[in-house]
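Inspection log for the structure reproduced underneath, given as structure tokens.
The values are calculated or read from the model by the stated rules, or taken from the named source; none is laboratory data. Note that this is a predicted model, so its numbers are computed, not measured. When we count neighbours, we look across all protein chains shown, and the Cβ atoms used for this are built from the backbone with ideal geometry, even at glycine. When the accessible area is computed, the model is the full protein with side chains, heavy atoms only, and any ligands, DNA or RNA have been set aside. Shrake-Rupley method; radii C 1.70, N 1.55, O 1.52, S 1.80 Å.
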Amino acid sequence: FLTAEDACGGTMRGSSGIISSPNFPNEYHNNADCTWTIVAEPGDTISLIFTDFQMEEKYDYLEVEGSEPPTIWLSGMNIPPPVISNKNWLRLHFLTDSNHRYRGFSAHYQG
């Protein structure tokens with residue numbers, strides 16, 4: 001069971017874990033640029049379930065690659081629906097601007 005709260009990005013292995021924005025549940029940093037890659041066993045898919053989501057609409061966002069559609073842009077104040085990978089990896093890219101900060105996101109993944 002892995003936690004990526006202190007690190008800004010990295011590779012997550014293992015069948016389950018939690019990925020949160022830096023500082024969560026406190027406010028994330030301005031100008032954050034974090035990339036996490038979740039890698040499951042070959043042949044497995046990954047489901048990513050958001051438990052918390054709060055970002056400045058359009059300016060701070062989480063980009064998710066490796067699912068259908070190939071790139072999903074998430075922003076704003078609503079918890080997004082679960083994301084299911086179509087291969088054995090997902091990549092999360094978290095970007096924020098130099099303005100307004102919110103709680104960010106926390107998500108649980110499962111291989």
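Which one of the conditions (1) open to solvent by less than 60 Å² (accessible area, probe 1.4 Å); (2) modelled with pLDDT of 95 or more; (3) closer than 11 Å to PHE105 by Cα; (4) of a type outside the set (Lys, Arg) does MET77 fail to meet, given that it meets all the rest?
Here MET77 clears every test but (1).
Please give the number of the condition PHE53 fails out of (1) under 17 Å from GLY43 (Cα atoms); (2) out of contact with any Asp or Glu (no Cβ under 8 Å at 6 or more places or on another chain); (3) open to solvent by less than 50 Å² (accessible area, probe 1.4 Å); (4) not hydroxyl-bearing (Ser, Thr, Tyr).
(1)
Identify the single condition in (1) open to solvent by 30 Å² or more (accessible area, probe 1.4 Å); (2) of a type in the set (Asp, Glu); (3) modelled with pLDDT of 95 or more that ASP60 does not satisfy, given that it satisfies every other one.
With (1) open to solvent by 30 Å² or more (accessible area, probe 1.4 Å); (2) of a type in the set (Asp, Glu); (3) modelled with pLDDT of 95 or more applied to ASP60, the lone miss is (1).
Do any strands (runs of 3 or more DSSP E) entirely within region 1-89 hold 3 or more residues that are on the phi < 0 side of the Ramachandran plot and in contact (Cβ under 8 Å) with a residue 40 or more places away in the chain, and if so, which?
Filter on region 1-89 gives 16-20, 33-39, 47-54.
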